[in-house]
1. Quick one: dipole size for the chain, taken about the Cα centre, charges +1 on Lys/Arg Cβ and -1 on Asp/Glu Cβ, in debye to the nearest 20.
2. Please give the calculated 222 nm ellipticity per residue for the chain, where each DSSP H segment of at least 4 residues contributes -39500 (n - 2.57) and the sum is spread over every residue; nearest 500 deg cm²/dmol?
3. Using a Gaussian network model of the chain with C-alpha springs under 10 Å, which one of Y120, Y25, Y38 is most mobile by mean-square fluctuation?
4. Any idea how far apart S30 and E57 come out in nm if each label point goes 7 Å out from Cα toward Cβ?
5. May I ask which residue of I115, A85, I28 lies farthest towards the positive end of the charge dipole of the chain, with charges of +1 (Lys, Arg) and -1 (Asp, Glu) on Cβ and the Cα centre as origin?
6. Quick one: length gained pulling S116 to V18 fully straight, 0.36 nm per residue minus the C-alpha distance?
7. So what's the gap between the Cα centers of the stretch 47-74 and the stretch 1-26, to the nearest angstrom?
8. Using only alpha-carbon positions, what ratio does the radius of gyration of the stretch 16-151 give when scaled by 2.2 N^0.38 Å?
Amino acid sequence: MITFPTAQPAPAIKRRSVQVIALAYATILSIFVVTQLYSFDDFILIIDSLWLPGGIELAQVIAAVIVIVELFALPFLLRMKLSQAFRGFSMGCGWVAAGLWLVANIWVATTTNEISNIGYLGSVIAVEPGLVSWLVAILLVALSVISSWGMHSKKTK
C-alpha cells in the first residue's frame, strides 16, 4: 500500500523566544532573497568575483543554489503546515544557507582576490568583506542553530 506524505501542523516550540528568533532569521533570509533576485544578473557577477574554480558557469549554479536554499528555508522558519520530510528538508536548507555564507567569508579571507561586495544583498547594497560580513555570517549560523534546536520535531515514522 502506498501512502503519500500529508501536511501536518508545526510541532510545539520549546520556548516562545525561539519563534521570535526564527522569524528574525526568516526576515533576514527574505530580504536576502528579494535583493538577490532583484539584481540576479549582478549577483552572478558578484559570485564570479570570488574567483571560484569553474568560472562563470559555476558562479551561475552557485548563485542559483544560494537563492533556492534561502527560499526553501522559509517554510520551516515560518512554521507552515508541512510533511515531516519537507520540514526536515526545509530545516536543512536553513543550515545550508548559513553555511554557504560562512564558507564564502572563509574563501574570501583565505584567497588573495580583492572584492568590494560579498553579495548578501546582491548589488542593491554592497556589503564589503570584513568584520561586518563575518558578524552577519556568524549571526546566520547562530540563528539557524537556535531555530532548528527549538523547532525541530523528534517524531520519526
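1. Using Cβ point charges on Lys, Arg, Asp and Glu, the chain gives about 1380 debye.
2. About -22500 deg cm²/dmol.
3. With Cα springs under 10 Å in the chain, the top fluctuation among Y120, Y25, Y38 is at Y38.
4. Going by the 7 Å Cα→Cβ label model, 3.8 nm.
5. A85
6. 31.9 nm
7. Each part reduced to its Cα centre gives a spacing of 27 Å.
8. Working: Rg = 14.7 Å, N = 136, 2.2 N^0.38 = 14.2 Å.
That works out to 1.03 for the stretch 16-151.
Every number here is computed from the coordinates shown, using simple stated rules; none is lab data. A quick note: this is a predicted structure, and the numbers were derived from the prediction, not measured. FYI the Cβ positions are ideal-geometry reconstructions off the backbone, even for glycines, and counts take in every protein chain you see.
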